[in-house]
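Accompanying notes for the structure given below.
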Amino acid sequence: MIPRLYMEMPLQCGETLMLDSHSAHYLRTVLRRNAGDHVIVFNGQGGEYQAEIICLTRSDATLRIHRHDDVSREITPAIHIIQAACRNEKIEHVLQKCVELGAASLHIVRSERASLKLDEHKREKRMQRWRKIIIEAAEQSGRTAIPALHWHPGLAHIHATGLKFTLHPEASLSWSRAREHLQHRTDITLAIGPEGGWSAADLQALDKLGFATLRFGPRIMRTETAAPALLAAIQAVLPAENC
């Protein structure tokens, strides 16, 4: 499998790139790559680039770009995930799996029953960690775009677009009925509650934002399971060319 690296910079064929220390260590020490091996690089601006390792030592790590491939592995419609703040390990799981499954954007939001409480300094450090997880998941899964990550202090601060669903075990709308409305949409937004579920105030706020409550089968899923399960289910009913 050819390694993939995200590079947050303009890329063009024929240029030579110097790798940062993290990427150089990853290729040299973790993957045991050497000069002459091939690497794929992308910057999230469309497609990906075929490159070759020119030098990979402790003091010099460079690639040369040979070709641009105009490919996309993104889902249509764009699927946005709103995840109620919960324990950090659960958020990390949600971010990783949702990126692998094609989410277009990820939104962590404070809710009435949210268990994660962070001051501004800790939140910024956590956001940096979460962005790193997103980039690594995009590299591994072959994504050609990096999903945006946002933090919201409350549901009222969210701008949700397209067809909007939030899971609730007592909802009258079943998945078998909801999936009939997925075709020909440009955006779908899914809101997932915390471990204790959405409160009455949360559900009222979501209702004002236009979210329909959705029942996804007879079982109640953990908060870190719901978004990946829904993403997979949506892709299963979309036309193959959209996935």
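Just so it is clear, none of the values below were taken in a lab; they were calculated from the coordinates. Just so it is clear, the model here is predicted, and its values are computed rather than measured. Positions of Cβ are backbone-derived with ideal geometry, glycine not excepted, and every protein chain shown enters the neighbour counts.
Do you know which residues across the range 190-221 are under 13 Å from Gln83 (Cα atoms) and touching a strand residue (DSSP E or B) at 6+ places or on another chain (Cβ under 6 Å)? Leu190, Ala191, Ile192, Gly193, Pro194, Leu206 - these are the residues of the range 190-221 that are under 13 Å from Gln83 (Cα atoms) and touching a strand residue (DSSP E or B) at 6+ places or on another chain (Cβ under 6 Å). Just one of the listed residues (Ala232, Ala227, Ala236, Ala137) is touching a Cys at 6+ places or on another chain (Cβ under 6 Å) and closer than 25 Å to Arg73 by Cβ, and it is Ala227.
Residues in the range 32-43 that are exposed (fewer than 13 other Cβ atoms within 10 Å of the Cβ) and not small (Gly, Ala, Ser): Arg32, Asn34. Within the range 46-93, restricting attention to residues that are touching an Asp or Glu at 6+ places or on another chain (Cβ under 9 Å) and of a type in the set (Ser, Thr, Tyr), the residue that is surrounded by the fewest Cβ atoms within 10 Å (Cβ to Cβ) is Thr76. Residue-level check: of (1) closer than 26 Å to Met7 by Cα; (2) assigned to a strand (DSSP E or B), Ile82 misses just (1).
Specify the residue that is nearest to Glu224 (Cα to Cα); the eligible residues are those in the range 157-207 that are polar (S, T, N, Q) and surrounded by fewer than 19 Cβ atoms within 10 Å (Cβ to Cβ). Ranking the qualifying residues of the range 157-207, first place goes to Ser199.
Going through the range 214-240 one residue at a time, which ones are of a type in the set (D, E, K, R) and within 20 Å of the chain's Cα centre (by Cα)? The answer is Arg222, Glu224. Screening the range 102-126 for residues that are buried (at least 21 other Cβ atoms within 10 Å of the Cβ) and of a type in the set (A, V, I, L, M) and picking the one that is farthest from the chain's Cα centre (by Cα) gives Val109. Pull out all pairs, ordered by first then second residue, where Cβ-Cβ is under 8 Å, the residues are six or more apart or on different chains, the first lies in the range 125-141 and is in contact (Cβ under 8 Å) with a residue 12 or more places away in the chain and within 16 Å of Val39 (Cβ to Cβ), and the second is assigned to a helix (DSSP H, G or I) and of a type in the set (D, E, K, R). Here the result reads Gln140/Glu100, each pair linking the range 125-141 to a residue that is assigned to a helix (DSSP H, G or I) and of a type in the set (D, E, K, R). Keeping to the range 105-147, report how many residues are among the small types (Gly, Ala, Ser) and either closer than 15 Å to Leu95 by Cα or not in a loop (DSSP other than H, G, I, E, B) (or both). Here the count works out to 5. Scanning the range 202-236 for residues being more than 15 Å from Pro169 (Cα to Cα) and β-branched (Val, Ile, Thr) gives a total of 1.
Within the range 163-213, which residues are within 21 Å of Ile75 (Cα to Cα), more than 22 Å from the chain's Cα centre (by Cα) and of a type in the set (D, E, K, R)? Selection gives Glu180 alone. Mind checking which pairs have a first residue in the range 11-35 that is over 10 Å from Thr57 (Cα atoms) and a second that is surrounded by fewer than 13 Cβ atoms within 10 Å (Cβ to Cβ), Cβ under 7 Å, 6 or more apart or different chains? Short answer, once both residue conditions are applied: Cys13/His66; Cys13/Arg67.
Screening Met1 on (1) of a type outside the set (Val, Ile, Thr); (2) closer than 30 Å to Ala236 by Cβ; (3) touching an Asp or Glu at 6+ places or on another chain (Cβ under 9 Å) shows it passes everything except condition (3). Only one of the numbered conditions (1) on the phi > 0 side of the Ramachandran plot; (2) under 22 Å from the mean Cα position of the chain (by Cα); (3) surrounded by fewer than 16 Cβ atoms within 10 Å (Cβ to Cβ); (4) small (Gly, Ala, Ser) is not met by Gly14, and that is (2). Screening the range 148-232 for strands (runs of 3 or more DSSP E) wholly inside it with 1 or more residues that are in contact with a Pro (Cβ under 7 Å, 6 or more places away or on another chain) and touching a residue at least 24 places away in the same chain (Cβ under 8 Å) returns the ranges 187-192, 212-215.
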